[in-house]
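Notes follow the structure.
The values are calculated or read from the model by the stated rules, or taken from the named source; none is laboratory data. Owing to the predicted nature of the structure, the values given are computational and were not obtained by experimental measurement. Heads up, the Cβs are rebuilt from the backbone with ideal geometry, glycines too, and the neighbour counts pull from every protein chain shown. Side chains included, ligands, DNA and RNA excluded: accessible areas come from the protein's heavy atoms. Shrake-Rupley method; radii C 1.70, N 1.55, O 1.52, S 1.80 Å.
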Amino acid sequence: MGDDELFAAMGDLEGESEALSPDKRDGSDVFARIALVETAIEDRFPGQLLTPYKEWQKRQNDI
């Protein structure tokens, strides 16, 4: 999976989490999947936390 695909996956998951109604959050696995993607980003960009993802988001919004 390339960087763009990884960041797009995170964007999709953020959208899913925002769309969840509060009463359905406990039964959803979306937050576990977000944690997995966050770990993958942090492994790929050590010490940068989610900065590469946030920069990618800004570039996508500028397009």
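Some values worked out for this structure:
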| quantity | calculated |
| --- | --- |
| Count of residues meeting criterion [within 19 Å of Gln60 (Cα to Cα) and small (Gly, Ala, Ser)] in the range 9-46 | 3 |
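Condition check ((1) open to solvent by less than 100 Å² (accessible area, probe 1.4 Å); (2) under 15 Å from Glu5 (Cβ atoms); (3) aromatic (Phe, Trp, Tyr); (4) without any contact (Cβ under 8 Å) to a residue 24 or more places away in the chain) across all residues:
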{"residue": "Ala19", "(1), (2), (3), (4)": "yes, no, no, yes"}
{"residue": "Asp26", "(1), (2), (3), (4)": "no, no, no, yes"}
{"residue": "Val30", "(1), (2), (3), (4)": "yes, no, no, yes"}
{"residue": "Ile34", "(1), (2), (3), (4)": "yes, no, no, no"}
{"residue": "Glu42", "(1), (2), (3), (4)": "yes, no, no, yes"}
{"residue": "Gly47", "(1), (2), (3), (4)": "yes, no, no, yes"}
{"residue": "Thr51", "(1), (2), (3), (4)": "yes, no, no, yes"}
{"residue": "Trp56", "(1), (2), (3), (4)": "yes, yes, yes, no"}
{"residue": "Asn61", "(1), (2), (3), (4)": "no, no, no, yes"}
